Amino acid sequence: MNTKDIKALLDRYFEAETSLEEEKTLRQYFAGGDVDAELKPYASMFGYFAQEAAITTEKDFLKGLDSQTHTQASGSSKVISMRRWVQMAAAASAIFLASFLVVKYMIPQEESTNLSQTTAANYVEVQDPEEAIEYTEDAIRILAQVFKTSEKQLESGMERIDNTPVIGAQ
């Protein structure tokens, strides 16, 4: 076959318009060894195709694949497809987004107070040193009451622990 015919067949081959017989002709031409210099790059491509087509697998390997396929088909193993994971991720994202939107727009939010207003409510400026001492003493009394209450609760808790019987102790 001449180079012009082979080029025409190659053009049709790359457009997927060749028949099986024409593809066989191309494979035979490039496997023959008498290839035009202009068509040498195609010879290595067809050589690669022939080399890959000649690869065979061992029978044991195929039997292993076959048994795995039957195991999956019989239902003794669980196969989760990627589509299922994507569906679950989409559902979780939708729930998260809906929750966020409900919290942000549906539940009424308290008016955020200005920081200067908050500090002004908790802050008393005292000019008189005697009055400052009174405020300090009041704060210490409140703190002492909190500590006494905590101490009583701690003591009662420790007493309960001490009176709890230990399993296995004589």
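The values are calculated or read from the model by the stated rules, or taken from the named source; none is laboratory data. Because the structure is predicted, anything quoted here is derived from the model rather than measured. Heads up, the Cβs are rebuilt from the backbone with ideal geometry, glycines too, and the neighbour counts pull from every protein chain shown.
Just to be sure I understand, how many residues within region 12-22 are surrounded by 10 or more Cβ atoms within 10 Å (Cβ to Cβ) and farther than 17 Å from Phe49 by Cβ?
1
Which count do you get for residues in region 1-11 that are surrounded by 15 or more Cβ atoms within 10 Å (Cβ to Cβ) and over 13 Å from Ala43 (Cα atoms)?
Qualifying residue count, region 1-11: 1.
To keep it simple, each residue is scored yes or no on (1) part of a loop (DSSP other than H, G, I, E, B); (2) at pLDDT below 80; (3) surrounded by 10 or more Cβ atoms within 10 Å (Cβ to Cβ).
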| site | (1), (2), (3) |
| --- | --- |
| Phe100 | no, no, yes |
| Ser112 | yes, yes, no |
| Gln117 | no, yes, no |
| Ile133 | no, no, yes |
| Thr136 | no, no, yes |
| Leu143 | no, no, yes |
